[in-house]
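Enquirer: Got a structure for you, written out below as structure tokens; questions coming shortly.
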Amino acid sequence: MEKKNKFDFASKEAKTAYLNEIISFFQNERDEIIGFVAAEQILDFFLRSMGEHIYKKALNDAKKLIKTKIEDLEVDLDLLSG
């Protein structure tokens, strides 16, 4: 059975695309050749170190958006009631 960690959020195809982007970045920007294992370690490192913060920020942004939409809806309903 394949090991799953709490940061597994993408399909296998998407994760492969992310890893290819990391490999390309190192090759194009740093003139370094890295393989899939190194790219996976880099991705896992960033997900562990920043993933929870990014997730919480996204949730807070969604809450603010929903709150604003509800407030706008309340105003619209108040205008309808005259």
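Here, each number is a calculation from the coordinates, and none is a lab measurement. Note that this is a predicted model, so its numbers are computed, not measured. Note that each Cβ is placed from the backbone with ideal geometry, even for glycine, and that neighbours are counted across all protein chains shown.
Enquirer: I need the full set of residues from the stretch 26-49 which are in contact with a Leu (Cβ under 8 Å, 6 or more places away or on another chain) and either exposed (fewer than 10 other Cβ atoms within 10 Å of the Cβ) or touching a residue at least 24 places away in the same chain (Cβ under 8 Å) (or both), in order please.
Expert: Scanning the stretch 26-49 gives a single hit, L43.
Enquirer: Name the pairs: first residue in the stretch 50-63 and assigned to a helix (DSSP H, G or I), second residue surrounded by 11 or more Cβ atoms within 10 Å (Cβ to Cβ), Cβ to Cβ under 6 Å, at least 6 apart or on different chains?
Expert: Note: pairs meeting the criteria are G51/F7.
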